[in-house]
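The values are calculated or read from the model by the stated rules, or taken from the named source; none is laboratory data. Note that the structure is a prediction, hence the values are computed from the model and not measured. All Cβ positions, glycine included, derive from the backbone under ideal geometry; neighbour counts span all protein chains shown. In case anyone asks, the SASA skips ligands and DNA or RNA and just uses the protein heavy atoms, side chains included. Shrake-Rupley method; radii C 1.70, N 1.55, O 1.52, S 1.80 Å.
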Amino acid sequence: MISNQILQDTVDGIKSISRTDLCVMDTEGKVLASTISDVSDYLESVLVFAQSLAESQMMQGYQFFKVFDGNQLEYIILVKGETDDIYMVGKMAAFQIQGLLVAYKERFDKDNFIKNLLLDNLLLVDIYNRAKKLHIDTDVKRLVYIIETKRDKESNALEKVRSIFAAKTKNFITAVDERNIILVREVKEGETYDDFYKTADVIIDTLTSSGYPEINIAFGTVVKEIKEVSRSFKEAKMALSVGKIFYEEENVVAYSNLGIGRLIYQLPLPLCKMFIKEIFDGNSPDSFDEETLTTINKFFENNLNVSETSRQLYIHRNTLVYRLDKLQKQTNLDLRIFEDAITFKIALMVVKYMKYMESIEY
């Protein structure tokens, strides 16, 4: 339950204070953390001690101690030396690791609760009963972030994110799969969406500086009760997917800012294909050449302003008008007319959505 790195940090800290070498093994004699170069000669003694009823024992110049998780033997500690002072160091080490076990078990219980809460695996009555037992406030405002990284099973990205919020006990950090880290963040009075974006920026800066590329973050809306946390999680999931389709240049996306992309994302593909066929008579609006597409996108960026678009494209106004006239003949849509421009813009987004959905199916 406790990572080997945490155990190693613990034994290193104890040695630096006590100047005593020690080793932590599992019940099968495997070394988990140690300041001793070689303990292979003591493997048989460790296995014998693990089967004995004694909680501590002195053998071959070492003192052995047991650490339990409840009634289950979890670790064996070897401490080099036979004096009373060495015995005291061993007992302190066992006490320290026992405390870590309790803390990690409590965190595991909370982590398991939050996962089931996010995935809607709990009945309403169970949510409040378990939250009370785990001392989790039920009426705190919260917001769910999904942090997508290219991490693998051996990655410590989860611990990196946890380190950012270590002092904030009402925040919860967990993972539901190998790629996504979930942050359930407490929302304090007076905080705005600017603060939520700042939190995302801090996470990105921390992970980027630790060597994690291509980080995408999405977050849902603020909920007032713990039973609504799963809703914010679902919103964040949708924001992450919609962001990949329509906001590729953004690495932080809020559900509340998805706009029309959120509506398009919920359309069934047959309806999208029918729309494209009706508007463009079977042609796809992304089949135009690069020059035409650049003209269209720049025209939209400048809010259908002909003069500003021609200036930014370094072309004569009449050239732009010619291109728009040509496009009108091909599509029966005049982008200088607001309704036609809206239709064309939506069509481009629908095609983008269709391509994305087709790509994830294969």
Revision key, fill the gap. Those GluC sites (Glu not before Pro) from the range 91-194 that are DSSP loop and have at most 13 other Cβ neighbours within 10 Å turn out to be Glu154, Glu178, Glu189
Check your understanding: So how far, in whole Å, is the C-alpha centre of the range 226-298 from the one of the range 1-50?
Key -> 54 Å
Exercise for review: Report the calculated FRET efficiency for Gln8 and Asn257 (r = Cβ-Cβ distance, R0 = 51 Å), to the nearest 0.05.
Suggested key: 0.70
Revision key, fill the gap. The local net charge around Thr309, scoring Lys/Arg +1 and Asp/Glu -1 for residues other than Thr309 whose Cβ lies under 11 Å from its Cβ, equals +3
Practice item. Report the trypsin sites (Lys or Arg not before Pro) located in the range 1-51 that are in a DSSP loop and have at most 15 other Cβ atoms inside 10 Å of their Cβ, or state none. Key: Arg19, Lys30
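Would you work out what percent of the accessible area of the range 119-269, with all protein chains in place, is carbon or sulfur (probe 1.4 Å)?
49 percent
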Study note, to complete from the structure: accessible surface per residue for the range 221-328, probe 1.4 Å, DNA/RNA/ligands not counted, whole Å² -> 57 Å²
Practice item. Would you mind checking which residues have amide H under 5 Å from Met58's amide H? H placed 1.01 Å from N; only 5 or more apart, or other chain. Key: Phe64
Exercise for review: Just flag the GluC sites (Glu not before Pro) in the range 250-300 sitting in loop per DSSP whose Cβ has no more than 10 other Cβ atoms within 10 Å.
Suggested key: none
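Contact order normalised by length for the range 198-245, with contacts defined as Cα pairs under 8 Å and 6 or more residues apart; what percent is it?
For the range 198-245, the relative contact order is 31 percent.
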Check your understanding: What's the lysine pair count for the range 7-152 at a Cα cut-off below 12 Å, pairs eight or more apart or interchain?
Key -> 4
Study note, to complete from the structure: So the angle from the long Cα axis of helix 317-331 to the longest Cα principal axis of the chain, reported in degrees to the nearest 10, equals 80 degrees
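Add +1 for every Lys or Arg and -1 for every Asp or Glu among the other residues with Cβ under 12 Å from the Cβ of Phe196, and state the total. List each step's numbers first, then the result.
Values: positive: Lys141, Arg142, Arg185, Lys188, Lys198; negative: Glu186, Glu191, Asp194, Asp195, Asp201.
So the surrounding residues net to 0.
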**Study point:** Highest-MSF residue in the chain out of Ser241, Ser307, Ser232 [GNM, Cα springs under 10 Å]
**Key:** Ser307
Check your understanding: Among residues other than Gly61 whose Cβ falls under 13 Å from its Cβ, what is the net charge (Lys/Arg +1, Asp/Glu -1)?
Key -> -2
Revision key, fill the gap. Mean projected area (nm²) from the convex hull of Cα positions in the chain is 26.1 nm²
